[in-house]
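In what follows, a single structure is set out as structure tokens and then discussed.
The values are calculated or read from the model by the stated rules, or taken from the named source; none is laboratory data. Since this is a predicted model, take the numbers as computed values, not measurements. Don't worry about glycine lacking a Cβ; one is built from the backbone with ideal geometry, like all the others, and counts go over all protein chains shown. All accessible areas refer to the heavy atoms of the entire protein, side chains included, with ligands and DNA or RNA removed. Shrake-Rupley method; radii C 1.70, N 1.55, O 1.52, S 1.80 Å.
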Amino acid sequence: MELNRLTAHQLLELIKVNSIESQEIISFLEKRIKEIDNKLNAYVRKDRTVDVKSEENTEGFLKGIPISIKDNICTKWLPTECCSKILEGFLPPYDATVIEKLKSYGAKIFPLKTNMDEFAFGSSTENSYFGPTHNPWNLECVAGGSSGGSAAAVASDEAIFALGTDTGGSIRQPASFCGVVGLKPTYGRVSRYGLIAFASSLDVIGPITKDVYDSALLLNIIAGYDPRDSTSVNIEVPDYLKALNLDIKGIKIGIPKEYFVEGLDKQVKESLDEAISVFKKLGAECREVYLPHTEYAVAVYYIIATAEASSNLARFDGIQYGYRIKQKNLISLYKKTRGQGFGQEAKRRIILGTFTLAHGYYEAYYLRALKVRTLIKNDFDEVFKEVDCLVTPTSPTPAFKIGEKIRDPLKMYLSDIFTISANLAGIPAISIPCGFTKNNLPIGLQILSSPFNEEMVLRVAYNFEQNTVWHKIKPKL
Amino acid sequence: MEYEAVIGLEVHVQLKTKTKAFCSCSTEFGNPANTQTCPICLGLPGSLPVLNKTALEYALKVCLSLNCKIQEYTKFDRKNYFYPDLPKNYQISQYDLPLALGGFLEIELETGDRKKIGIHRIHLEEDAGKLIHTQDKSLVDFNRCGIPLLEIVSEPEIANPQEAYQYLISLKELLKYLDVSDCDMEKGSLRCDANISLRKKGSLSLGTKIELKNMNSFKAVRDALSYEIYRQKLVLQKRKRLSQETRLWDPKKEKTFPMRRKEEAQDYRYFPDPDLPVFVIDKEKLKMLKASLPELPFEKKMRFLKEYGITGSELDFIVSERQIADYFEACVKIYPKPKTIFNWIAGPLVSELNELKISFRELKLNPSDFIELIRMFEDKKLSNIVAKEVLKEMLRTEKKANQIVEEKGLLQISDKDILSKLAWEVISENPVAVSDYRSGKINALMFLVGQAMKKMKGKADPKLLQVILKEILDK
């Protein structure tokens, strides 16, 4: 049996009967990576030899099942470079809280990190210093971004499951492009300690998995209050697997009118309509709802996210760690190091953010964006008084061609139009496979619910998954 | 034309919490470079700040003591600028919602009158690291980086350099009373910048503001301000314009010099730090803090004046440090002779402590043991010289007075028979002095007392000895 093709929960079932060493699973993954990753580029620094010996506890709940980690989550003494030249060779002296938790649950941290847009700036993984990740369903297409590497690795069985991060859709959009499950938890549900910040008020770590069950299983491990993250929230973590046992009879599903607009791909729309009929068959009540401030989400997002990013990325200056161009004078050291260390998109966002925070512009841009963000959040608060969850497409289109949007940042930014609002409002959202286009590209469906109601999101997703086959179809590579 | 100065002071004090403002690294001073650091204060990627609650508590104590209006909620902002001593290239500070606004500090003027100097705002921030420049390299020490720093900004209500000096003295006294800062300018735990402008006397409009930096003592602040008044007057009298600038005080040349102009005006691009939530300041907690505040220097002064009748510079001394005042009061409780106790503390005790280089805070001498010694002296069991010797011994060995006296046999000898015998001996041994005395040289008597004391190793009661000697010689 090719162990790499299994999910974590399937492996756990298997381990109950047969003893399977962590190393066995890793060997299968390594073989798979050797075979196909030169085509996909889901992992970075593959030439690197890593000393796999570690003090990890493989006796815990996960029995040494390997998990793949996005390159912006700190792993102790394992290079964490955010796929940026400026962090070249950065070895974190500490583990992110999620990594600590995974290790304590007996997970094996896979020694290769997954590809991403530099500092998570992008929707296609084309902005990686290590080159783009290709879509396992069509190598000419993007895998989505910024967690494109994690999504492509999971979709192509180069990983059992993975962690991604989501600031404006970076887990959900690549999950939908690659035909896998991606969950963005509520802001504050999972500790950000050790996540190299892009936009601190929006960033969330979450699972990218082959099915909904694995997402619930992984969330059970990584969720929870962390005293090291002042923005994490101290409320009890339920057993998310339990929520999967419940059906969705009588559940009220809202379909936001604003998400079915011009620019929405016809095939995506058709898949969504089919999905809605599945929900109805399962006894859910579907109705149209309104999120009137949706149209401002992209604008608000790009003001807030870039402002925070411009400050978060200031620390990459070549002084303490990472890439440095030696200069006699301090200012030119800063300029040369940052000028050559950051890629095009990173520079664009730093400049945008620096501009919107500048004296005299702050009120007109940043402060105003914060106010509109509150309006967007209020929209959701209102709508969740009426319905239990919302169902929308994850992205207006299926995966696009590599190179198609990279020279048009505005077009690229619009591919996050359906995912951004969840980050602005801080609410949980999942993307699950709901069909394919005629060209055999996966289509994703997004389910959103109120803050800390991941149970609802997972429950609705699981019921859909159990009554459809989309998640079982694998790309041919 | 007559001018008047308008002065405002900006004081930064390091709070003496055990750990830094946003991580658990030690704040201890003087350790090897970069030994008190962690991913958080080094600003390593992925690390996050968590507010030190004690730092907030200390800061609130200061705000309460300076009669400020404490905000219902407070937030932290990022002050963005690039500098190698600032590892994140932003400082966590407070911009538009500082901890407190609008208080005052009461100071004593030279005339003895009191004046309230307004406090504009108080906010909490983190200190930066320290750059060390060698011949060919610049090095950074991040031990200091992240130590909680309180910025206390006065209103421009200080009228002259002496008032500024008094303001600093009173502020330091207050902070030390609260036990929230060492206020040691040499170690950098207190730093002061000044803003000064001149205007026509009586005018309501303000003149051009000059910022002064690099003053390393309170005296330097006073001197720099005096110099600036002199310099600005000269410029204004020539009908020239002053330019708004930052000037550095050069203590050697005793002049201020313009700081090298920055390339352009700094824009710190303040915005709320998304890593730290808004903090609601709990009213109950605030009440408890207020109740826990110690008696502050001014109140204590008034009470000591009333209760113990201590005045003037003696009063200033006794309340100058909370530890001294507390020690004094503990002693008076046991032995209600404030004047005597004052003399013992301000005299022998302080000079011994100085010699041993111990502060009052470190003093282990129990007030009751100290009083025992004072009582032995007052009861004439010990001579003045011997009592001071015993005190020295007590501080060094931590033994009690009677134990030392017993061990060394230091009790004062007041036995008339012994002293008479001693007197006769001294008289027979010093015929010249005796005849000098008899021929009217009164001083010779003191010489004979001295000789007798020497013989008894200081233990004899000198007053009684003098009486006895005089009796014999006058016969």
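General remarks:
- Of all residues in the stretch B:38-45, none satisfies being outside any loop (DSSP other than H, G, I, E, B), open to solvent by 10 Å² or more (accessible area, probe 1.4 Å), more than 27 Å from residue B:225 (Cβ to Cβ) and within 14 Å of chain A (Cβ to nearest Cβ).
- All positions within the stretch B:48-86 that are free of Cβ contacts under 8 Å to residues at least 60 places away in the same chain and open to solvent by less than 10 Å² (accessible area, probe 1.4 Å): B:63, B:86
- If you go through the stretch A:241-288 and keep only what is in a helix (DSSP H, G or I) and closer than 23 Å to residue A:455 by Cα, you end up with A:241, A:242, A:243, A:272, A:275, A:276, A:277, A:278, A:279, A:280, A:281.
- Test: residue in the stretch A:51-74 that is closer than 21 Å to residue A:195 by Cβ, out of contact with any Ser or Thr (no Cβ under 8 Å at 6 or more places or on another chain) and open to solvent by less than 30 Å² (accessible area, probe 1.4 Å): yes
- Applying the criterion of being under 13 Å from the mean Cα position of the chain (by Cα) and in a loop (DSSP other than H, G, I, E, B) to the residues of the stretch A:199-210, the residue that is nearest to residue A:145 (Cα to Cα) is A:203.
- Some residue of the stretch A:224-240 being small (Gly, Ala, Ser) and assigned to a helix (DSSP H, G or I): no
- Look at (1) part of a loop (DSSP other than H, G, I, E, B); (2) over 19 Å from the mean Cα position of the chain (by Cα); (3) on the phi > 0 side of the Ramachandran plot and you find that residue A:452 fails only one, number (2).
- Considering B:155, B:228, B:125, the condition of being surrounded by fewer than 19 Cβ atoms within 10 Å (Cβ to Cβ) and either of a type outside the set (A, V, I, L, M, F, W, C) or within 14 Å of chain A (Cβ to nearest Cβ) (or both) is satisfied by B:155 alone.
- Residues that are over 29 Å from the mean Cα position of the chain (by Cα), within 24 Å of residue A:197 (Cα to Cα) and modelled with pLDDT under 95 are absent from the stretch B:38-51 altogether.
- Residue match in the stretch A:28-35 (condition: modelled with pLDDT of 95 or more, of a type in the set (Val, Ile, Thr) and open to solvent by less than 10 Å² (accessible area, probe 1.4 Å)): no
- Residue that is modelled with pLDDT under 90, on the phi < 0 side of the Ramachandran plot and among the aromatic types (Phe, Trp, Tyr), where the choices are B:370, B:377: B:377
- Annotation: residue B:418 fulfils all but one of (1) in a helix (DSSP H, G or I); (2) surrounded by 16 or more Cβ atoms within 10 Å (Cβ to Cβ); the unmet one is (2).
- Within the option set A:199, A:284, A:297, A:216, being within 14 Å of chain B (Cβ to nearest Cβ) and crowded, with 22+ Cβ neighbours inside 10 Å holds for one residue only, A:199.
- Hits in the stretch A:335-356 (condition: within 12 Å of another protein chain (Cβ to nearest Cβ), crowded, with 21+ Cβ neighbours inside 10 Å and not small (Gly, Ala, Ser)): A:337, A:338, A:350, A:356
- Hey, residue A:224 open to solvent by less than 10 Å² (accessible area, probe 1.4 Å) and within 14 Å of chain B (Cβ to nearest Cβ) or not: no
- Checked against (1) surrounded by fewer than 22 Cβ atoms within 10 Å (Cβ to Cβ); (2) outside any strand (DSSP E or B), residue B:22 meets all criteria but (1).
- Residues of the stretch B:174-193 that are touching a helix residue (DSSP H, G or I) at 6+ places or on another chain (Cβ under 6 Å) and either outside any helix (DSSP H, G or I) or open to solvent by 30 Å² or more (accessible area, probe 1.4 Å) (or both): B:180, B:181, B:183, B:192.
- Among (1) surrounded by fewer than 21 Cβ atoms within 10 Å (Cβ to Cβ); (2) within 14 Å of chain B (Cβ to nearest Cβ); (3) in contact with a Lys or Arg (Cβ under 7 Å, 6 or more places away or on another chain), the one test that residue A:411 misses: (2)
- Inclusion of residue B:348 among residues that are open to solvent by less than 80 Å² (accessible area, probe 1.4 Å), modelled with pLDDT of 95 or more and not small (Gly, Ala, Ser) is not warranted.
- Residue count for the stretch A:454-477, restricted to those that are open to solvent by 10 Å² or more (accessible area, probe 1.4 Å) and farther than 20 Å from residue A:6 by Cα: 4
- Residue check for residue B:347: small (Gly, Ala, Ser) and at positive phi: no
- Taken as a whole, the structure leaves residue B:169 outside the set of residues that are surrounded by 21 or more Cβ atoms within 10 Å (Cβ to Cβ), assigned by TED's automatic domain parsing to the domain that holds residue B:39 and either free of Cβ contacts under 8 Å to residues at least 60 places away in the same chain or not in a loop (DSSP other than H, G, I, E, B) (or both).
- Residue in the stretch B:300-320 that is within 18 Å of the chain's Cα centre (by Cα), open to solvent by less than 50 Å² (accessible area, probe 1.4 Å) and more than 28 Å from residue B:390 (Cα to Cα) present: yes
- Qualifying residue in the stretch B:95-106 (condition: within 25 Å of residue A:363 (Cβ to Cβ), open to solvent by 10 Å² or more (accessible area, probe 1.4 Å) and more than 14 Å from chain A (Cβ to nearest Cβ)): yes
- Only one of A:305, A:314, A:309 that is facing chain B (nearest Cβ under 10 Å), at pLDDT 95 or above, buried (at least 21 other Cβ atoms within 10 Å of the Cβ) and in a helix (DSSP H, G or I): A:314
- Exactly one residue out of A:377, A:385 is surrounded by fewer than 16 Cβ atoms within 10 Å (Cβ to Cβ) and among the basic types (Lys, Arg): that is A:385.
- Of all residues in the stretch A:79-117, those satisfying the criterion of being surrounded by 21 or more Cβ atoms within 10 Å (Cβ to Cβ), within 13 Å of chain B (Cβ to nearest Cβ) and outside any loop (DSSP other than H, G, I, E, B) are A:86, A:87, A:97, A:98, A:99.
- Counting only helices (runs of 4 or more DSSP H) that sit wholly inside the stretch B:295-365, those with at least 3 residues that are within 29 Å of residue B:112 (Cβ to Cβ) and touching a residue at least 12 places away in the same chain (Cβ under 8 Å) are B:297-308, B:312-319, B:322-334, B:338-344.
- Cβ separations smaller than 6 Å between residues 6+ apart or across chains give the following pairs from the stretch A:1-30 residues that are in a helix (DSSP H, G or I) to residues that are modelled with pLDDT under 95 and hydroxyl-bearing (Ser, Thr, Tyr): A:22/A:58.
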